[in-house]
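Enquirer: Mind looking over this structure? Questions follow.
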Ligand SMILES: *[C@@H]1O[C@H](CO)[C@@H](O)[C@H](O)[C@H]1NC(C)=O
Ligand SMILES: *[C@@H]1O[C@H](CO)[C@@H](O)[C@H](O)[C@H]1NC(C)=O
Ligand SMILES: *[C@@H]1O[C@H](CO)[C@@H](O)[C@H](O)[C@H]1NC(C)=O
Ligand SMILES: *[C@@H]1O[C@H](CO)[C@@H](O)[C@H](O)[C@H]1NC(C)=O
């Protein structure tokens with residue numbers, strides 16, 4: 001110890017012994033406070049018995065090799081993974097994704113590691129019946145599907161997202177940023193990567209979820225609706241502010257913290273509204289249990305990016321410009337210019353399930369390519 005003090009005196013250039021003692025005493029006190037803190041932390045944070053934790057999702061097909069590990073030369077780039085929640089029978093939607101934005105591996109210095117489709121293992125009662133053989137063949141041909149052991153129904157969507165998070169944590173550790181979306185959404189991958197490329201690196205380790213926030217959204221109390229939410233769950237008849245499930249962007253930090261909270265606090269029941277559960281109920285729970293005494297982890301924060309997500313036009317067919325242009329036989333230069341002007345910041349487009357879905361989807365992609373790759 002005296003040796004250490006001498007050494008410290010040397011390097012810190014303290015003039016008097018008194019100063020040195022102040023240093024020693026305050027360091028000692030700091031250590032003592034830290035130890036007390038640690039003890040208190042353990043006292044308040046009784047470890048959860050293993051049996052009370054939520055069971056992990058059983059994978060029917062874990063596709064463990066699928067997530068691409070970037071080679072060293074491009075490792076410094078930002079890595080994005082796109083997770084698409086898809087219904088088993090939606091062969092058409094998945095194929096269109098593969099043919100369009102899903103075919104882009106890199107843009108604007110950002111790697112798109114993979115576009116992975118998440119499916120359940122059996123058709124839900126209300127869902128379309130799936131041709132099993134066709135599905136097996138698709139899995140074999142494209143290798144981009146992950147299957148979990150649960151009924152694939154709208155009201156089980158939360159289970160699907162939890163599975164996706166587990167899959168990411170186990171099999172896709174290279175990802176920095178996760179985009180969660182649905183199989184009827186078109187992603188403007190050029191604008192997305194451009195935005196990500198401009199973000200400071202701190203964002204990639206943050207606890208943020210970027211999305212279009214739904215505020216004060218009323219619940220549906222018709223018990224026959226697939227969107228039904230009971231008064232027991234939401235006594236005010238209003239959902240807490242949450243991200244639109246259409247698409248949100250988040251970090252692996254959020255994915256891991258969300259999973260940890262679900263395993264710890266929701267061993268059985270999960271809310272059927274996956275967007276509300278994953279982006280409101282869990283983040284609020286994490287926020288409320290963040291320790292005030294011990295250095296707290298950052299709160300989970302929803303960041304409203306309405307411009308990028310302002311996309312309901314196509315679904316409701318209110319946006320005549322876009323829909324008319326997409327329904328023409330060729331995309332004209334003057335239209336490209338008009339669309340570029342109006343949509344230069346839009347990233348996510350929800351495409352309506354009309355009879356000409358395929359054509360609209362492909363044309364939208366061709367138009368975006370024209371606008372953003374020239
Ligand atoms: C993933 O699936 C394969 C094939 O079923 C299995 O051998 C492997 O153990 C699974 N991986 C993990 C981590 O469970
Ligand atoms: C959700 O999945 C579980 C497990 O497969 C199943 O028992 C349940 O019926 C499903 N719920 C709905 C609403 O489909
Ligand atoms: C979590 O807490 C922070 C800080 O109070 C707040 O800004 C943020 O909106 C909260 N997140 C949610 C999802 O409520
Ligand atoms: C989109 O266009 C507006 C108006 O011209 C401009 O202010 C904005 O910076 C553009 N956004 C992007 C992402 O290029």
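The values are calculated or read from the model by the stated rules, or taken from the named source; none is laboratory data. If you're wondering where the values come from, they're calculated on a predicted model, not measured in any experiment. Ideal geometry is used to build each Cβ from the backbone, glycine not excepted, and the neighbour counts take in all protein chains shown.
Enquirer: Hey, among the residues in the range 184-198 that are in contact (Cβ under 8 Å) with a residue 60 or more places away in the chain and surrounded by fewer than 18 Cβ atoms within 10 Å (Cβ to Cβ), which one's farthest from ligand 1 (Cβ to nearest atom)? Write out each step before concluding.
Expert: If we filter the range 184-198 for residues that are in contact (Cβ under 8 Å) with a residue 60 or more places away in the chain, which is where we start, we get 184-197.
From the residues that got through so far, the ones that are surrounded by fewer than 18 Cβ atoms within 10 Å (Cβ to Cβ) too are 194, 197.
Numbers: 194: 35, 197: 33 Å.
Here the answer is 194.
Enquirer: With the requirement that a residue be touching a helix residue (DSSP H, G or I) at 6+ places or on another chain (Cβ under 7 Å), within 18 Å of residue 183 (Cα to Cα) and within 16 Å of ligand 2 (Cβ to nearest atom), what does the range 132-159 give you?
Expert: Passing the criteria: 146, 148, 157, 158.
Enquirer: Moving on. Name the residue that is farthest from ligand 3 (Cβ to nearest atom), counting only residues in the range 126-157 that are within 20 Å of residue 266 (Cα to Cα) and buried (at least 21 other Cβ atoms within 10 Å of the Cβ).
Expert: Filtering first and then ranking leaves 148.
Enquirer: Working only within the range 199-226, note down all residues that are surrounded by fewer than 11 Cβ atoms within 10 Å (Cβ to Cβ) and either out of contact with any strand residue (DSSP E or B) (no Cβ under 7 Å at 6 or more places or on another chain) or closer than 25 Å to residue 115 by Cβ (or both). Reasoning before the result, please.
Expert: Applying the first criterion (surrounded by fewer than 11 Cβ atoms within 10 Å (Cβ to Cβ)) to the range 199-226 yields 200-202, 215-216, 222-225.
Within the range 199-226, 200, 201, 202, 215, 223, 224, 225 meet the criteria.
Conditions tested, residue by residue: (1) crowded, with 22+ Cβ neighbours inside 10 Å; (2) over 26 Å from residue 306 (Cα atoms); (3) within 13 Å of the chain's Cα centre (by Cα).
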site: 248; (1), (2), (3): yes, no, yes
site: 262; (1), (2), (3): yes, yes, no
site: 267; (1), (2), (3): no, yes, no
site: 270; (1), (2), (3): no, yes, no
site: 283; (1), (2), (3): yes, no, yes
site: 287; (1), (2), (3): no, no, no
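Enquirer: Keeping to the range 345-364, report how many residues are in contact with a helix residue (DSSP H, G or I) (Cβ under 8 Å, 6 or more places away or on another chain) and either assigned to a loop (DSSP other than H, G, I, E, B) or under 22 Å from residue 244 (Cα atoms) (or both).
Expert: Step one: of the range 345-364, the residues in contact with a helix residue (DSSP H, G or I) (Cβ under 8 Å, 6 or more places away or on another chain) are 345-352, 354, 356-364.
So of that shortlist, the ones also either assigned to a loop (DSSP other than H, G, I, E, B) or under 22 Å from residue 244 (Cα atoms) (or both) come out as 345-352, 354, 356-357, 361, 364.
The total comes to 13.
Enquirer: Of the residues in the range 294-327, how many are at pLDDT 70 or above, in contact with a strand residue (DSSP E or B) (Cβ under 8 Å, 6 or more places away or on another chain) and not in a helix (DSSP H, G or I)?
Expert: Going through the range 294-327 one residue at a time, the tally reaches 6.
Enquirer: With respect to residue 40, determine if the residue is over 25 Å from residue 278 (Cβ atoms), more than 16 Å from ligand 4 (Cβ to nearest atom), part of a helix (DSSP H, G or I) and at pLDDT below 95. Working first, answer last.
Expert: Working: over 25 Å from residue 278 (Cβ atoms): yes; more than 16 Å from ligand 4 (Cβ to nearest atom): yes; part of a helix (DSSP H, G or I): yes; at pLDDT below 95: yes.
For residue 40, the condition - over 25 Å from residue 278 (Cβ atoms), more than 16 Å from ligand 4 (Cβ to nearest atom), part of a helix (DSSP H, G or I) and at pLDDT below 95 - is met.
Let's see how each residue does on (1) more than 16 Å from ligand 4 (Cβ to nearest atom); (2) more than 13 Å from residue 276 (Cα to Cα):
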position: 192; (1), (2): no, yes
position: 205; (1), (2): yes, yes
position: 232; (1), (2): yes, yes
position: 238; (1), (2): yes, no
position: 251; (1), (2): yes, yes
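Enquirer: Does the range 59-81 contain any residue that is within 16 Å of ligand 2 (Cβ to nearest atom), at pLDDT 95 or above and part of a loop (DSSP other than H, G, I, E, B)?
Expert: Scanning the range 59-81 turns up no residue that is within 16 Å of ligand 2 (Cβ to nearest atom), at pLDDT 95 or above and part of a loop (DSSP other than H, G, I, E, B).
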